[in-house]
Amino acid sequence: CSSDLIMKDLNGWINEGQIMMAQREKKIKRAKSWKFDTVATHGLYDLQQALSSHSGSIMEPVYMSPAQAYSDCNEMEAALSYQIPTWCYSRIANPSTYFLEETIALLETYGSDIIASGLATSSGMSAIKTATDPFLVKDDKLPPPNIVSCAKVYGGTFQQFWIRRYQEQGIEVRWICDPGNLDEWLSKIDNGTRFVYGEFPSNPSLTIFDIESVAELAHSFSIPLIVDSTCATPAITRPLLFGADIVVHSASKAISSSGTSIAGLIVARKNIISKIGPDEMKADFASWAKLWPFRDNGPSIHPMAAIMTLNDMRSLRMMVDKMSQSALQIAEYLHNHPKIENVSYPGLPSFPQKKLADKYMHLVDSDRSAFGYMMLAEIKEQNPGESINTRNFYDGLDMIWRATDLGRVKTIATLNSISTHQQQGEEGRSLAGINPNAIRISVGIEHPDDIIADLEKGFSKI
Ligand SMILES: *Cc1c(COP(=O)(O)O)cnc(C)c1O
């Protein structure tokens, strides 16, 4: 046994843990005084931490290790009873993953004094599962659970709610068809509703809703509002500032725009509203989820993926700015094109919810609006329901990738009715508002002239 190891009694380790937590609070306060880009670049990782624990490394190191060793049995006991900050085992937590979680929590609360915690997961889908599961547990004092959600959601989310939750587990899902209509939300929420859910903006149909009013409505029923903010990112919209309780992300998209990994993120404000779950869950949802259900279900992210996601997230604002400016230009070009039936893009004056878009979509730390990188374009067809011209246009694209992806540095076009929304059937597609002539375009960072030239190649095939 090595005698030069630091050994303490249980209280000694707990005291040590409290000192670490106090230092962390100080670092959060410091980061809260910075601008968005500075927070994204540094997070909570500072010189003191680099020198004391990471050989001075100026970049956050990747801890490719499954488990943490402890000095003595007292430290292990304090750690495994969660009485001191610890990471234990990489299914629960990992030092590299913490850097990503701390930074996204700061970015989602940027511009406010809200304190939140983050949790990184293996994918956007696992983030949604981890964020919603804890509200769907049985409670003898309440009616059977139901979910109230916007119908226009990502195809995977539709499948998770409709097939996995409803068809396989009998949890009722009540779809909101017109999320701009508060009366529809009100008519669908009842005592059994455990949370309300929406995407801002929705993928791929780009519908939005009034986060503030829906949060208020949810809270009047003592239930949380959960927002999937993948397509806005905190560089444009931060739903927690408008009353949302939990934000989920597919960090596989614009948050990691250079495209190296699949990753998910959850950010929850402290003291969320919920009529179900233990007090510790409501006090700090993301940290509680990490230590309990996430630990037991196991959708952890690999630390390498966490660091690669963090590396991309540092330039999120610049990327989203560039993509949004190009996307607006391309949306205007498409909108005026004679072979186009319709373009949905929140930056266009023709966007049906333009007022809401103007309220919620701004480039952080600027006085410019930014409406994101994604649009849905419908190609003119001879007869409604056809996709002949659409397919010819799509196959005529040369530089733009045909793929089911978005938020990438490279422009990508997706024919949703045969890809992301193939398995939902006719009814599911009509709920989601996906016509056979709809093409989702996710604008990258190429020069917009080259993107437009490529779209022209597509149009020349019609
Ligand atoms: C892609 C996406 C998801 C799912 O994320 P994965 O990382 O692919 O699991 C969820 N929501 C939205 C809005 C998405 O675009």
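The values are calculated or read from the model by the stated rules, or taken from the named source; none is laboratory data. Note that this is a predicted model, so its numbers are computed, not measured. Neighbour counts run over all protein chains shown; Cβ positions are idealised from the backbone, glycine included. For accessibility, only protein heavy atoms count, side chains too; no ligands or nucleic acids. Shrake-Rupley method; radii C 1.70, N 1.55, O 1.52, S 1.80 Å.
Points worth noting:
- By average C-beta atoms within 10 angstrom, highest first, the peptides 234-246, 394-406: 234-246, 394-406
- The C-alpha atoms of the chain define a longest principal axis, and helix 316-335 lies at about 10 degrees to it.
- With q set to 0.18 Å⁻¹, the log10 of I(q)/I(0) for the stretch 183-324, from the Debye formula over equal scatterers at the Cα positions, is -1.11.
- Stretchable slack from Leu142 to Lys339, in nm (0.36 nm times residue separation minus alpha-carbon distance): 65.6 nm
- Across the stretch 221-321, the relative contact order, built from alpha-carbon pairs under 8 Å that are at least six residues apart, equals 28 percent.
- The stretch 254-337 - charge dipole about Cα centre, Lys and Arg +1 at Cβ, Asp and Glu -1, debye rounded to 20: 160 debye
- Here is the size of the chain from its Cα atoms: Rg then Dmax, 23.0, 83 Å.
- A Förster radius of 30 Å, combined with the Cβ-Cβ distance separating Thr404 from Trp292, puts the computed FRET efficiency at roughly 0.35.
- By DSSP, the beta bridges lying fully in the chain are antiparallel in about 60 percent of cases.
- Where the stretch 33-191 is the region considered: accessible area per residue in Å², 1.4 Å probe: 44 Å²
- Distance between modelled label sites at Lys354 and Gln329, nm, 7 Å Cα→Cβ extension: 2.2 nm
- Here the relative contact order of the chain, from alpha carbon pairs under 8 Å that lie six or more residues apart, stands at 15 percent.
- Taking every C-alpha pair closer than 8 Å and separated by at least 6 residues, the mean separation divided by the residue count of the stretch 181-250 gives a relative contact order of 32 percent.
- Whole-angstrom Cα spans of the stretch 195-273 along principal axes, big to small: 41, 27, 19
- Inter-site label distance for Leu5 and Arg368 at 7 Å from Cα along Cβ, in nm: 5.6 nm
- About the centre of its Cα atoms, the chain shows a dipole size close to 160 debye [charges on the beta carbon of Lys, Arg (+1) and Asp, Glu (-1) only; nearest 20 debye].
- Stokes-Einstein translational diffusion, the stretch 246-317 - Kirkwood Rh over all Cα pairs, 0.890 mPa s, 25 °C, in µm²/s: 183 µm²/s
- 5 Å-binned pair-distance histogram of the stretch 76-196 (Cα, whole percent): 2, 9, 14, 16, 15, 16, 14, 9, 4, 1, 0
- Viscosity 1.306 mPa s, 10 °C: Kirkwood-radius Stokes-Einstein D of the stretch 131-225 over Cα pairs, µm²/s: 118 µm²/s
- Per DSSP, loop trypsin sites (Lys or Arg not before Pro) in the stretch 132-162 with at most 14 further Cβ within 10 Å: Lys138, Lys141
- Cα gyration tensor shape of the stretch 309-443, rounded if a/c is under 1.5, else prolate or oblate by comparing a/b with b/c: prolate
- Farthest towards the positive end of the charge dipole of the stretch 214-305, among the residues Leu217, Gly264, Met304, is the Cα of Met304, using unit charges on the Cβ of Lys, Arg, Asp and Glu.
- Modelled this way, with points 7 Å down the Cα-to-C-beta line, the labels at Lys270 and Tyr89 are 3.0 nm from one another.
- Of Lys282/Lys359; Lys129/Lys152; Lys141/Lys290; Lys35/Lys359; Lys152/Lys290, pairs whose Cα-Cα distance is over 24 Å: Lys282/Lys359; Lys141/Lys290; Lys152/Lys290
- The calculated FRET efficiency for Leu80 paired with Arg24, based on their beta-carbon distance and R0 = 22 Å, is about 0.65.
- Rounded to the nearest 20 debye, dipole of the stretch 303-380 from Cβ charges on Lys, Arg, Asp, Glu: 60 debye
- The Rg/Rh ratio for the stretch 80-119 is 1.06, where Rg is the radius of gyration of the alpha carbons and Rh is the Kirkwood radius.
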